[in-house]
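To start, the structure under review is shown below, and the notes come after it.
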Amino acid sequence: MLNINQSRMNEVIQEAFNKTSNLRWQMAITKARAELEANPYMHYDGHALLILSPSGEIYSANGACQCKAFSHGQPCWHRAAARLIERYNEAQ
Ligand SMILES: [Zn+2]
């Protein structure tokens, strides 16, 4: 479980959400938000966000990801979550 100040993270999420008009990214951000709140198997190593997905897969997300969505050039919540954590850390 990541140690996150929820109200600060909510600001970062809102900002990210407002910045994109891409519906898929907005869906990815929404999913990332839920996972950041509930998924205990996430670890940020300073470079990438390691995620044990509810699907049982392990992903290491930063600009890239190993999931199916990424291989099809689509937004995924793993990258959205990694970016949110990055932004959150920058804003500290
Ligand atoms: Zn992914």
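The values are calculated or read from the model by the stated rules, or taken from the named source; none is laboratory data. This is a predicted model, so every value here is computed, not measured. Cβ placement follows ideal geometry from the backbone for every residue including glycine, while neighbour counts extend to all protein chains displayed. These accessible areas exclude ligands, DNA and RNA; they are computed on the full protein's heavy atoms, side chains included. Shrake-Rupley method; radii C 1.70, N 1.55, O 1.52, S 1.80 Å.
Quantify, in whole percent, the carbon and sulfur part of the accessible surface of the chain (1.4 Å probe; protein heavy atoms only).
Values: 2810 of 5490 Å².
Heavy-atom surface of the chain belonging to carbon and sulfur, 1.4 Å probe: 51 percent.
Over region 33-92, average the accessible area per residue using a 1.4 Å probe and give it in Å², no decimals.
Each residue of region 33-92 exposes 55 Å² on average to a 1.4 Å probe.
Considering all projection directions equally, how large on average is the shadow of the alpha-carbon convex hull of the chain, in square nanometres?
Numbers: hull surface 21.7 nm².
That works out to 5.4 nm².
For the chain, what is the mean residue ellipticity at 222 nm derived from helices alone (per DSSP H run of n ≥ 4: -39500 (n - 2.57); sum divided by total residues; nearest 500 deg cm²/dmol)? Write down the numbers at each step before the final one.
Working: 4 runs with 48 residues, N = 92.
Calculated from helices alone, the mean residue ellipticity at 222 nm is -16000 deg cm²/dmol.
Let a ≥ b ≥ c be the square roots of the eigenvalues of the Cα gyration tensor of region 49-92; is it rounded (a/c under 1.5), or, if not, prolate (a/b larger than b/c) or oblate? Provide the component values of the computation, followed by the final result.
Numbers: a/c = 2.77, a/b = 1.59, b/c = 1.74.
Taking the square roots of the gyration eigenvalues as a ≥ b ≥ c, region 49-92 is oblate.
Of all GluC sites (Glu not before Pro) in the chain, which ones are in loop regions per DSSP and have a Cβ with at most 14 other Cβ atoms within 10 Å? Could you put the intermediate results ahead of the total?
On the way: sites: 11, 15, 35, 37, 57, 86, 90; in loops: 57.
Passing sites in the chain are 57.
Counting only C-alpha contacts under 8 Å and six or more residues apart, can you give the relative contact order of the chain as a whole percent? Can you show the working numbers first?
Values: 105 pairs, mean separation 28.2, N = 92.
Here the relative contact order equals 31 percent.
At residue 21 and residue 68, where each label point lies 7 Å from the Cα along Cα→Cβ, what is the point-to-point distance in nanometres?
3.1 nm
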